[in-house]
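Written below as structure tokens is the structure these notes are about.
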Amino acid sequence: MAQEFVVDTTKLRTPRAVRGQLKGRPVDPKALADVRALLGDAPRRRDLLIEFLHRIQDHLGHIPAAHIVALAQEMRLAMTEVYEVATFYHHFDVVKEGEAPPPALTVRVCETLSCQMAGADALRAATAKACGPNVRVIGAPCIGRCEHAPAAVVGRNPVDRATVEKITEAVAQGRRSAEPPPYVGYAEYRSQGGYRAYASCVDGERSPDAVMTTLESSGLRGLGGAGFPAGRKWRIVRAEPAPRLMAVNIDEGEPGTFKDRHYLERDPHRFLEGMLIAAWAVGIDDVYIYLRDEYAACRAVLANEIAALEADPPRPLPRIHLRRGAGAYICGEESAMIESLEGKRGMPRLRPPYVAQVGLFGRPTLEHNMETLYWVRDILERGAEWFAGQGRRGRKGLRSFSVSGRVATPGVHRAPAGITVQELIDEYCGGMLPGHELYGYLPGGASGGILPATLSDIPLDFDTLQPYGCFIGSAAVIVLSQHDSARGAALNLMRFFADESCGQCTPCRVGTEKAVRLLEVPVWNVPLLEELSQAMADASICGLGQAAPNPIACVIKYFPGELS
């Protein structure tokens, strides 16, 4: 028998919104006016959400809750969608109702490995004391200036080999915009033969197939870390249905890595020309450049030089979109970067499908690291044999090693693939610092593992380090001496991973935090650490959680004397 329900119409709620209006908090008219003024005539597209949040943050120094509501209203998004994106990224300061905004100026002192080795912990404490309550002094993950450790950023201005005096001087000056360094601009680049290779492609002197064959013969591989053959990637994406897109990853947040910044600050058009050649060969009309927010000076360089290129193009150009990250290491992962480009939280996607098939805005996408494209012009002009013949011990090509730590001459050193770390230190880095002896090294940044000095004769290249539980990644080499501790390095790196985990999957989110607690105790529980590491490696969605345990495994295997 059906049960009869009686509805008491006197208790029905009045609808919270009428059709055409978003539900939620009322919009503050002043905040809405601010938002509209800041957005100007820009299209209110979802993929521009992060760009718009930057405009608010830049203008006010923080993002008030009222402006979150106003931005949601203006973009026709749910307030929760805007809020979750704004709170995901480190560089957005979301201020809730009733909270005091942060001080007008923020000092970020890098606290990851190379800078910690150079005294960043003491520097941060002393700086906070010297600056007082009117300046916010916080620790920051790697800011991509490891060769100048310890490094800090005052507002948007980097302070290299930072001291309290240098930082307080920068604070007193109150500068907010980073100044671009001297570099090869558009006119100078053209006068040196720049864009001739691109013109020869567009003019039909080269065919896409011939260009891709040249890249394949050169042995050029993806230099962001994965090492996938560049020419083969172009063929795969070109075979997908149009429209195809391109996404350039310059979010080099891996601790110890700064090669992309090095090249952008000196010769940006060599990269841009390689990018244009790739777009032409694959048949791409829209290119998106994703640049990490820490590189404010590089952003100014790229904005200026892309404008110069578009004002006087050597040949027809694809549409170029320069997008700004917001402080999230996870966005170095290709699918997380694509999510961020779409205006979302930078959370990795499950694969398959791969981004070459279903990438940015659901379209086939050619994703590349900046340095991979940097080599394209030279390879086409000098030939595949030139690049392939640069290696040692049977390896092919050149590698841009970002070297930091206890060496006399840290920096980006262009060296043959297959060189050993001992040769790299002796031939390119001026040897070890006085009073320091090689104790260990990280061959591939934070996630690439840690090796002892007894294994300093391993060729540094793709596929050579895996038998030792390591990988070269983006070729970020951090050199440790007898004054350092491998277990201390592992703890520093794990704290970094725990802070940078996107939180999407439990093995990474919980595993990295648990690992930090296990590494902080005087005596490591090796069986438990090994079990935890295996679970993270097997079950994490992306490379962050999968590779985070590598330093732990290396310390257990190669530095057993440090376990207790």
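The values are calculated or read from the model by the stated rules, or taken from the named source; none is laboratory data. Given the structure is predicted, the values throughout are model-derived calculations rather than measurements. Glycine also receives a Cβ, built like all others from the backbone with ideal geometry; neighbour counts cover every protein chain displayed. What goes into the accessible areas is simple: the full protein's heavy atoms, side chains included, and nothing from ligands, DNA or RNA. Shrake-Rupley method; radii C 1.70, N 1.55, O 1.52, S 1.80 Å.
Residue-level check: of (1) modelled with pLDDT of 95 or more; (2) open to solvent by 50 Å² or more (accessible area, probe 1.4 Å), Val85 misses just (2). Residue selection: Ser485 fails the criterion of being polar (S, T, N, Q), touching a Phe, Trp or Tyr at 6+ places or on another chain (Cβ under 8 Å) and under 23 Å from Thr454 (Cα atoms).
Selection of the stretch 223-261 for residues being under 15 Å from the mean Cα position of the chain (by Cα) and either surrounded by fewer than 21 Cβ atoms within 10 Å (Cβ to Cβ) or in a strand (DSSP E or B) (or both) yields Ala226, Ala247, Val248, Asn249, Ile250.
A search for C-beta distances below 6 Å between a residue of the stretch 196-212 that is on the phi < 0 side of the Ramachandran plot and any residue that is open to solvent by 10 Å² or more (accessible area, probe 1.4 Å) and of a type in the set (D, E, K, R), counting only pairs 6+ apart in sequence or on different chains, returns Ala197/Arg377; Ala197/Glu381; Ala199/Arg315; Ser200/Arg206; Val202/Arg315; Met212/Arg235.
Across the stretch 156-177, the number of residues qualifying as touching a helix residue (DSSP H, G or I) at 6+ places or on another chain (Cβ under 9 Å) and open to solvent by 20 Å² or more (accessible area, probe 1.4 Å) comes to 11.
Elements of the type strands (runs of 3 or more DSSP E) sitting completely within the stretch 268-371 and holding at least 3 residues that are among the charged types (D, E, K, R), under 21 Å from the mean Cα position of the chain (by Cα) and surrounded by 21 or more Cβ atoms within 10 Å (Cβ to Cβ): there are none.
Residue check: Ser564 meets all listed conditions (1) under 18 Å from Arg495 (Cα atoms); (2) touching a residue at least 40 places away in the same chain (Cβ under 8 Å) but one, namely (1).
Evaluation of His483 against the conditions (1) closer than 30 Å to Pro434 by Cβ; (2) open to solvent by 60 Å² or more (accessible area, probe 1.4 Å); (3) in a helix (DSSP H, G or I) shows that the sole unmet condition is (3). Picking from residues in the stretch 119-139 that are part of a loop (DSSP other than H, G, I, E, B) and open to solvent by less than 50 Å² (accessible area, probe 1.4 Å), the one that is modelled with the highest pLDDT is Gly119.
Which one is nearest to Pro150 (Cα to Cα), of the residues in the stretch 106-118 that are open to solvent by less than 20 Å² (accessible area, probe 1.4 Å) and of a type outside the set (Ser, Thr, Tyr)? This residue is Cys115. Comparison of Ser114, Ser177 shows that the only residue that is modelled with pLDDT of 95 or more and among the polar types (S, T, N, Q) is Ser114. Within the stretch 401-424, the residues that satisfy the criterion of being in contact with a His (Cβ under 6 Å, 6 or more places away or on another chain) and open to solvent by 20 Å² or more (accessible area, probe 1.4 Å) are Arg406, Val412. When the stretch 305-335 is filtered for residues that are within 25 Å of Ala239 (Cβ to Cβ) and of a type outside the set (Asp, Glu), the ones remaining, listed by number, are Arg315, Pro316, Leu317, Pro318, Arg319, Ile320, His321, Ser335. Just one of the listed residues (Leu398, Leu460, Leu438, Leu442) is free of Cβ contacts under 8 Å to residues at least 40 places away in the same chain and open to solvent by less than 40 Å² (accessible area, probe 1.4 Å), namely Leu398. When Arg377 is tested against (1) open to solvent by less than 20 Å² (accessible area, probe 1.4 Å); (2) in contact with a Leu (Cβ under 8 Å, 6 or more places away or on another chain), just one condition goes unmet, and that condition is (2).
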